[in-house]
Amino acid sequence: MAPSKPSSPSLKIALAMALLRFNRLHRPPPSTSDSATLLRWKQKAKDRKRELLRLREELKLLQDGAQSEDEPPIASCRCHFFDGCGELGGDGDHWIDEVLRRRFLRLVRWKERRKKAAEGSIQRRQFFEFSNENEIERLGTSIDFLVELSDKFLTKGQVEASFSIFSHQAIDFILASLKNILSSQKESELLEEIISGLIMRLMRRMCFVPENDDKLDSGSVHSGSDPQFCVQHILCKLGNEPFVGQRMMLSVSQKISIVAESLLFMDPFDVIFPGTHGGMFLMIQLIEFLITDYLNIWMSHENFDKKLFEEWVRSILKARKDLEILEDMNGLYVLYMERVIGELAKEVAPAAHQGKLDLEVFSKLLY
């Protein structure tokens, strides 16, 4: 007689549960090697999931960065940063809204990621985990961005709208970071090194003339579309901060003395002579801009560095003396420097009488 098949659903469920219990009780225990393999595959699955999330995040940032570079956010910032470039009495005090500030920081991060990837950096997430608390890091990265941006447009030989916007934002960002660092009174030696490096790097670019470029002959002043004058304008804007401006005066005046000596032994028919000649006028003009626009601001600052002030005044006097050896070659150097020193004497006269400047140094400005 054939066994009867269960027809009740409850009976079927009871049989299924009994079979499961039987199989569990009689299943052989897993070997150690099987457990290790299972754990290894679980770990691989977790690692793959984290890798996919990281790649999605990087792809999103790269897409955002590419859009920022290809289509600069000019709609929300009709930037006139280089208006009046090469003219005395710039008004400054431009502001940038929070949206553009975030876009600028995102672009800086994206460019840093691309640079590290191109260099084959092992620590791929180093800048990805950019710390908002590390102002020195923010300052250094923003400076690198600004200098590289200047390089890019110097090689093109023309100024584009995105250069105006991004350099404007970079300068505001640099000055804000610098203000925070100075207020904390930390990392003074490192800060000095960073700012001195920034000044020297931008000065080299200001005096750089591309091949086959004849714009900077005769020391004449050109429109704000000239890349060298735009770099000079960037230096002027950075000089609004006394910590930067006073060190800039010292560096530029020392550089004038060095270039004066090199011009003395340079062949006037050398291909680099016109560029060196134009760079000399750019440096003297930069000193004039800083004196007329910012000297009173510096001296009224509560942390005004009197020692540094006296040091760069002496350095300018030395630059004038060093330029006198070129008077037979080009008397315009001396005439221009005499005018600048006359403006300097007029501006520092109150400071000299208040004891901020050695009267002996002040007397040398007058003669």
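Summed over the stretch 330-343, the residues that are exposed (fewer than 14 other Cβ atoms within 10 Å of the Cβ) and either closer than 22 Å to F289 by Cβ or in contact (Cβ under 8 Å) with a residue 24 or more places away in the chain (or both) give a count of 4. Every listed requirement among (1) surrounded by fewer than 20 Cβ atoms within 10 Å (Cβ to Cβ); (2) under 30 Å from T276 (Cα atoms); (3) modelled with pLDDT of 80 or more is met by Q158 save one, (3). Taking the condition assigned to a helix (DSSP H, G or I) and under 17 Å from F208 (Cβ atoms), does I234 pass? So I234 passes the test. Just name the residue that is most open to solvent (accessible area, probe 1.4 Å) out of those in the stretch 177-192 that are within 16 Å of the chain's Cα centre (by Cα) and more than 14 Å from E137 (Cβ to Cβ). If we take residues in the stretch 177-192 being within 16 Å of the chain's Cα centre (by Cα) and more than 14 Å from E137 (Cβ to Cβ), then K179 is most open to solvent (accessible area, probe 1.4 Å). Could you list all residues from the stretch 284-314 that are surrounded by fewer than 20 Cβ atoms within 10 Å (Cβ to Cβ) and among the aliphatic types (A, V, I, L, M)? Once the filter is applied, which keeps residues that are surrounded by fewer than 20 Cβ atoms within 10 Å (Cβ to Cβ) and among the aliphatic types (A, V, I, L, M), the stretch 284-314 yields I297, M299, L308. Would you mind stating whether S164 is touching an Asp or Glu at 6+ places or on another chain (Cβ under 6 Å), over 15 Å from P242 (Cβ atoms) and assigned to a helix (DSSP H, G or I)? Considered against the rule, which asks whether it is touching an Asp or Glu at 6+ places or on another chain (Cβ under 6 Å), over 15 Å from P242 (Cβ atoms) and assigned to a helix (DSSP H, G or I), S164 comes out as no. Just checking, does the stretch 341-363 include any residue being modelled with pLDDT under 85, out of contact with any Phe, Trp or Tyr (no Cβ under 7 Å at 6 or more places or on another chain), acidic (D, E) and over 30 Å from F265 (Cα atoms)? Within the stretch 341-363, one or more residues are modelled with pLDDT under 85, out of contact with any Phe, Trp or Tyr (no Cβ under 7 Å at 6 or more places or on another chain), acidic (D, E) and over 30 Å from F265 (Cα atoms). The residues of the stretch 308-348 that are of a type in the set (F, W, Y) and closer than 16 Å to Q246 by Cβ, listed by number, are F309, W312.
Scanning the stretch 180-189 turns up at least one residue that is modelled with pLDDT under 80, among the charged types (D, E, K, R) and on the phi > 0 side of the Ramachandran plot.
The values are calculated or read from the model by the stated rules, or taken from the named source; none is laboratory data. Since the structure is predicted, the reported quantities are computational estimates derived from the model, not experimental observations. All Cβ positions, even for glycine, are placed from backbone atoms using ideal geometry, and neighbour counts span all protein chains on display. In case anyone asks, the SASA skips ligands and DNA or RNA and just uses the protein heavy atoms, side chains included. Shrake-Rupley method; radii C 1.70, N 1.55, O 1.52, S 1.80 Å.
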